[in-house]
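Here's the structure we're looking at; comments come further down.
The values are calculated or read from the model by the stated rules, or taken from the named source; none is laboratory data. Not measured: the values here are computed from a predicted model. Every residue, glycine among them, receives a Cβ derived from its backbone with ideal geometry; neighbour counts consider all protein chains shown.
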Ligand code: CO
């Protein structure tokens, strides 16, 4: 399994390739707010572990293993954003909070959160009931 830091890179590379068709070292560095030399180092490690193929002047491509994991990581990120949004977390907190927790939950927890998101999505009344409870809690504060 990739480490949290490797996960961040694979996730960003997957997103960049999805949106632009390619991922350059400079784009990855910008997306992750890190120095390009750190990107080069990590990209070499990811190449060694067979997540991608890196050729210095031609850029990089994800292997099928890299693509599969990249999609899983992006889906996990999206699910956690949806989860925080449904439970009423303020929009301005959502992205950073997801970046903070996504690497630290087991896939077991992710799957159960998926069930909960589905539970709320299947019946808008459930979302409304939660909202009523939250408004009541806020009044008491
Ligand atoms: Co993320």
For the range 94-119, the count of residues that are farther than 21 Å from residue 132 by Cα, without any contact (Cβ under 8 Å) to a residue 12 or more places away in the chain and more than 13 Å from the ligand (Cβ to nearest atom) equals 7
Checking the structure you have, find out if any residue of the range 54-66 is within 22 Å of residue 120 (Cβ to Cβ) and either touching a residue at least 12 places away in the same chain (Cβ under 8 Å) or part of a loop (DSSP other than H, G, I, E, B) (or both). no
Open item on the list: Taking the criterion of being in contact with a helix residue (DSSP H, G or I) (Cβ under 6 Å, 6 or more places away or on another chain) and modelled with pLDDT of 95 or more, would at least one residue in the range 128-141 satisfy it?
Closed with: no
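Residues checked against (1) at pLDDT 95 or above; (2) surrounded by fewer than 13 Cβ atoms within 10 Å (Cβ to Cβ); (3) closer than 22 Å to residue 105 by Cβ; (4) within 16 Å of the ligand (Cβ to nearest atom):
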{"residue": "4", "(1), (2), (3), (4)": "no, yes, yes, yes"}
{"residue": "9", "(1), (2), (3), (4)": "yes, no, yes, yes"}
{"residue": "33", "(1), (2), (3), (4)": "no, yes, no, yes"}
{"residue": "47", "(1), (2), (3), (4)": "yes, no, no, no"}
{"residue": "52", "(1), (2), (3), (4)": "yes, no, no, no"}
{"residue": "56", "(1), (2), (3), (4)": "no, yes, no, no"}
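Return the total of residues in the range 101-110 being more than 22 Å from residue 88 (Cβ to Cβ) and out of contact with any helix residue (DSSP H, G or I) (no Cβ under 7 Å at 6 or more places or on another chain).
Residues of the range 101-110 more than 22 Å from residue 88 (Cβ to Cβ): 103, 106-108.
Next cut, out of contact with any helix residue (DSSP H, G or I) (no Cβ under 7 Å at 6 or more places or on another chain) only: 106-108.
Number satisfying all stated conditions: 3.
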Residues of the range 17-53 being part of a helix (DSSP H, G or I) and over 23 Å from residue 99 (Cα atoms), in sequence order, are 44, 47, 48
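Looking only at the range 84-93, how many residues end up being more than 13 Å from the ligand (Cβ to nearest atom) and not in a loop (DSSP other than H, G, I, E, B)? It would help to see each step written out before you state the result.
First, pick out the residues of the range 84-93 that are more than 13 Å from the ligand (Cβ to nearest atom): 85-93.
This time we only want the ones that are not in a loop (DSSP other than H, G, I, E, B), so: 85-86, 91-93.
Residues that pass the stated criteria total 5.
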With criteria (1) on the phi > 0 side of the Ramachandran plot; (2) within 16 Å of the ligand (Cβ to nearest atom), residue 76 comes up short on (1)
